[in-house]
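Read the structure below first, then the notes.
The values are calculated or read from the model by the stated rules, or taken from the named source; none is laboratory data. Note that the coordinates shown come from a computational prediction; the quantities given were computed from them, not determined experimentally. We place every Cβ from the backbone using ideal geometry, glycine too, and count neighbours over all the protein chains shown.
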Amino acid sequence: MSLQYVGLKDINGPLVALEGVSGVAYDEIARLRLNDGTERIGRVVELEGDKAILQIFEGTNGISLENTRTIFSGKPLEIALAPEMLGRVFNGAGKPIDGLGPVFPEKMGDVNGQALNPVARQYPRNYIHTGISSIDALMTLIRGQKLPIFSGSGLSHNKLAVQIVKQAKLTGEGSANTMFAKSTPKGGTDAANIGSTGDFAIVFAAMGVQNDVANYFRRSFEETGASERVCMFLNLSSDPIIERLLTPLCALTAAEYLAFEKNMHILVIMTDMTSYAEALREFSSSKGEIPGRKGYPGYLYSNLASLYERAGVVEGSTGSVTQIPILTMPNDDITHPIPDLTAYITEGQIVFDRDLDQRGVYPGLSVLLSLSRLMKDGIGEGYTRADHQAVANQLFAAYAKVQDARSLASVIGEEELSEADRAYMRFGRLFEDNFLNQGFDENRSMDETLDLGWDLLCTLPKNELDRIDEKLLDEKYDPARAARFL
Amino acid sequence: MSNTIYSINGPVVKAADTKDFSMLEMVYVGSKRLIGEVIGVTDKFTTIQVYENTAGLKIGEPIESTGQPVCATLGPGIISNIFDGIERPLRDMTKLNGVFVAEGNALFSLDTEKKYDVTVTVKVGDKLKGGDFYCTCPETALITHKCMLPPNVNGEVTFAAPNGQYQVNDTIIKIKLEDGTEMPLTMVQKWPIKKARPIARRLPINRPLITGQRVIDTIIPIAKGGAAAIPGGFGTGKTMTQHQLAKWCDADIIVYIGCGERGNEMTQVLEEFSELIDPKSNRPLTDRTVLIANTSNMPVAAREASIYTGITLAEYYRDMGYHIAIMADSTSRWAEALREISGRLEEMPAEEGFPAYLPSRLSEFYERAGYVKNLNDTEGSVTIIGAVSPQGSDFSEPVTQNTKRFVRCFWALDKSLAYARHYPAIDWNQSYSEYIEDLSAYFNENVSPDFMDLRQEISNILQEETKLMEIVKLIGADVLPDDQKLAIETARVVRVGFLQQNAYHKDDTYVPLEKQMLMMKVIVSLYHKSLDALKVGVMLSDIMATGLFDKAVKIKYDIPNDKLGMFGDYLKEIDEKIGALSVSLGA
């Protein structure tokens, strides 16, 4: 029989305090039963003597100092885990909200997770083909990587995320199928079906996103035939803010289970990390903690790391967790604490550029700011193509010079530029219009992408291509390749 | 009366009404016996930071005193191992707990089963003082481990085991202390991680740490026993630079501390270093490397400890007479751990929420570097290379600024260089080394008498370019006179051909000092010859048409490290081709 504590000592924002408790464990979950019969879930965030402070996930609306009975569960927050989670929709705290009843648990999982032992990790090497030239060639996504998308309000990050999901395919292990063929048979997600559609699945965590956005993703997953392979955790912008802090924890716990115990390749999309960090700030300030930069708590880095580091490939399992967190940079400022700390933890970043986006380039990615740290080990001979690194280096270097030429041109005018600088100006335009720009339905193969890169490089004089080995250059360089652009 | 937990807030736990604990003492917290350290004592509360995840702890669980500070375990088996922040062996942990790091295991740091081939170097009756060696054993193919008396122990040997196979916890010798008690010594000793190991005296710093990276060795060198900081925003290549240094620098032992960084990076170091063969010894690099991995999602207090654990291990090997280089990646994460704990203690914050004692902690750490005479009369050194991750890539933030005060070598990584994929992205204008004067004698004596002069010429060319680029940005390059254009062209050769270095190219990843010097010689000679030619009226465009500049850029790939004789041909070709231009003009 469990002990019930009647009433509360204190209510402050999402936090409540209880006095006279004993035997309570740090981080354990409590249920608060209100007099009207409803129930809320709280987590112990601080203990002092006989006083416990609880964070209430659903918010403290309607709670008074007297109308609650609190029961401590003795356990951290756990969610039910089973392969049948795929195709289901949950709220931020891991409760089903699609009306299909609870998931029958194969096991219960502690949402806090534990740190992966670095010795048990395997270094990620297999690349994921996205069919998007700029990503495949210049910021290659690797299985087991965490590669965030930095965007701003109004840019096409959601569209890009959907396109990645739609086109993503693994190569190298004979499985050259897209993650979700359109012909995927509709039906239940029984074990046989999982086997037949490959070992892919998506875990989607929405934190503080608008209803429309969540619907856009849901619709897109349906259109691509992926919805049975998607497990959604939705915390919409109207949902309680503390629940938002749990959303990625639940999603990643599900992802780890599916990847490391069921040997699936899981792509986790988390949007919007900015809302998550803001929820954390709100929580921290109501707890009365000393703020760090811009009011965010000092542990924002550790907290974000505890999410992002849950990506990877481990020994003893053939599955993987790949993360694509999406965040909107407040005021397009990449030095804001959220993108800044994120990029220090993640293995690179894909950054949107507002100017390009406004010029109608889709996806309007800022090539120079974007980076994939794991790319160097997952491309080249045996993975993509032997000349990949050389092409990528030269495209980066050339595009960096385009920026110099442009800033010079803005001062002295384009006519006054030297021959070489004018060639760079032209290269810049062609690169943006042909290489970066591609349709939402255009799926380019690696060869197409790299050859396109070569074609564009051939619009430059040969002696400007100083990042490419002489021999390779002689073999590939041919001014005629540039003809179709001129 | 037993002590119990009174309050829990994240990694900070308090005990009430007790006087049993002393500052910096190690304690076991709770029924899971989590490892913690006492960080504050008042008459009301004892404050403890816990090195493991505190979820599940309850009020009233016991806190157990150990009576000693948090110590590193020192003995054979450290090299080529991987530890967490409080020196628990991560490999053994996988055997126990699987792929995740679980709490509550006080695992012994070293392999207690393995037998080492021990040679005892003392005999009964020998008088030993702190730091003296008493036995040696091969630890890896590269490193001979030498067991020393703990620094504070003196006495006479009363027992010495014969040479043979021993495990680390076997008694090797016994000594009679001055007070008459007998003390058995195994191959293991403990040392508090927050206390520097004693030395006889510091020696002047005058030998470079040779890294094979041109921009470092030649332009901004670091000395053995020195301290350097590598600040840089995300994506500028801090980790890459540290990996390169760890692979190629001429230290005997590398201590690589992954402090609050990515798990995959540590895995990469583990994999890469076991595959990479050290050219000098033909052994994998792991034979000289210790890894300390406290990734960003591992407990924050252990992140704070990882830096101290790393430097204590380094000092221990220094005491054996080795040269150690420490890579700390990243010290900013360590500072953030300090901030986080400080915040939980509700201390008054200074700049940006960092505690006011941040500078003193940083200086304590960097001051543990040095080139020293050890207690046992050997010489050794500890070189610290700390990465700094400035918030928002802004070098004026507290960690970068305070670090700058305590290091004499500053390798600033620049975003715009990194965007242009100019690696290593060390910005030659912002970076500096105060060791240049200490080291100039070494370079001039051991590489070439004109080494420092060549270096100065190269620096001048770069400075000239920086000045000229201001003008070019405003009015374009076309209006400059030929001699200034020449400076810009030469600077391009320096930047692309010399400063840029390709870590993935077999010859370019490590370049011996001799080749660095010869490359400078070619560039400087090309510049001077061209300048002379301009003076007699040769057009710059004609000089450029000789292709000599493009050829100079590619020297790094075209001349293998073992065929430095080829440089003679290059110098001759420059003389001839540019000479011919002047002559044709005269005729």
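Annotations
- For the range B:365-407, the set of residues classified as of a type outside the set (Val, Ile, Thr), over 24 Å from B:ASP252 (Cα atoms) and in contact (Cβ under 8 Å) with a residue 24 or more places away in the chain consists of B:SER389, B:PRO390, B:GLN391, B:GLY392, B:SER393, B:PHE395, B:GLU397, B:PRO398, B:ASN402, B:LYS404, B:ARG405, B:PHE406, listed by residue number.
- Scan of the range A:209-228 for residues that are among the hydrophobic types (A, V, I, L, M, F, W, C) and either closer than 17 Å to A:ILE326 by Cβ or outside any loop (DSSP other than H, G, I, E, B) (or both), ordered by number: A:VAL209, A:VAL213, A:ALA214, A:PHE217, A:PHE221
- Residues that are touching a residue at least 60 places away in the same chain (Cβ under 8 Å) and either within 13 Å of chain A (Cβ to nearest Cβ) or under 30 Å from B:VAL255 (Cβ atoms) (or both), drawn from the range B:37-67: B:GLU37, B:ILE39, B:GLY40, B:THR47, B:GLN49, B:VAL50, B:TYR51, B:GLU52, B:ASN53
- Residue that is farthest from the other protein chains (Cβ to nearest Cβ) [pool: residues in the range A:376-430 that are of a type in the set (Ser, Thr, Tyr) and not in a loop (DSSP other than H, G, I, E, B)]: A:TYR424
- Only one of the numbered conditions (1) in contact (Cβ under 8 Å) with a residue 60 or more places away in the chain; (2) under 18 Å from the mean Cα position of the chain (by Cα); (3) surrounded by fewer than 23 Cβ atoms within 10 Å (Cβ to Cβ) is violated by A:ASN303, and that is (1).
- Yes/no for A:ILE164 being among the hydrophobic types (A, V, I, L, M, F, W, C), part of a strand (DSSP E or B), more than 14 Å from every other protein chain (Cβ to nearest Cβ) and closer than 16 Å to A:THR322 by Cβ: no
Residues are listed down the side, and each one gets a yes or a no for (1) away from chain A (no Cβ under 12 Å); (2) part of a strand (DSSP E or B); (3) small (Gly, Ala, Ser):
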| residue | (1), (2), (3) |
| --- | --- |
| B:ILE292 | no, yes, no |
| B:ALA301 | no, no, yes |
| B:ALA305 | yes, no, yes |
| B:ILE311 | yes, no, no |
| B:TYR316 | yes, no, no |
| B:MET327 | yes, yes, no |
| B:ARG339 | no, no, no |
| B:GLY343 | no, no, yes |
| B:GLU346 | no, no, no |
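- Selection of the range A:95-149 for residues being without any contact (Cβ under 8 Å) to a residue 24 or more places away in the chain and away from chain B (no Cβ under 12 Å) yields A:LYS95, A:PRO96, A:ASP98, A:GLY99, A:LEU100, A:GLY101, A:PRO102, A:VAL103.
- Odd one out for B:ALA229 among (1) farther than 30 Å from A:ILE338 by Cβ; (2) of a type in the set (Gly, Ala, Ser); (3) at pLDDT 95 or above: (1)
- Qualifying positions in the range B:496-512 - of a type outside the set (Phe, Trp, Tyr) and surrounded by 20 or more Cβ atoms within 10 Å (Cβ to Cβ): B:GLY497, B:LEU499, B:GLN500, B:GLN501, B:VAL511
- Close pairs from the range B:472-485: first within 14 Å of B:LEU540 (Cβ to Cβ) and within 14 Å of another protein chain (Cβ to nearest Cβ), partner modelled with pLDDT of 90 or more and surrounded by 14 or more Cβ atoms within 10 Å (Cβ to Cβ), Cβ under 8 Å, at least 6 apart: B:ALA477/B:LYS485; B:ALA477/B:ILE488; B:LEU480/B:LEU468; B:LEU480/B:ILE488; B:LYS485/B:LEU540
- When A:LEU430, A:LEU450 are checked against the criterion of being within 27 Å of A:ILE164 (Cβ to Cβ), outside the structural domain of A:THR140 (by TED's automatic domain parsing) and touching a Lys or Arg at 6+ places or on another chain (Cβ under 7 Å), a single residue qualifies: A:LEU450.
- Condition met for A:ASP474 (assigned to a helix (DSSP H, G or I) and either touching a helix residue (DSSP H, G or I) at 6+ places or on another chain (Cβ under 6 Å) or surrounded by 13 or more Cβ atoms within 10 Å (Cβ to Cβ) (or both)): no
- One residue stands out among those in the range A:52-109 that are charged (D, E, K, R) and not in a strand (DSSP E or B): the one that is farthest from the chain's Cα centre (by Cα), which is A:GLU66.
- The number of residues in the range A:21-51 being outside any strand (DSSP E or B) and within 12 Å of chain B (Cβ to nearest Cβ) comes to 9.
- Output for the range B:80-99, where each listed residue is in contact (Cβ under 8 Å) with a residue 24 or more places away in the chain and at the interface with chain A (Cβ under 9 Å from one of its Cβ atoms): B:ILE82, B:ASP84, B:LEU90
- Residue match in the range B:143-160 (condition: assigned to a loop (DSSP other than H, G, I, E, B) and in contact with a Ser or Thr (Cβ under 7 Å, 6 or more places away or on another chain)): no
- Any hit, the range B:248-271, residues being away from chain A (no Cβ under 12 Å), under 13 Å from the mean Cα position of the chain (by Cα), in a helix (DSSP H, G or I) and in contact (Cβ under 8 Å) with a residue 40 or more places away in the chain: yes
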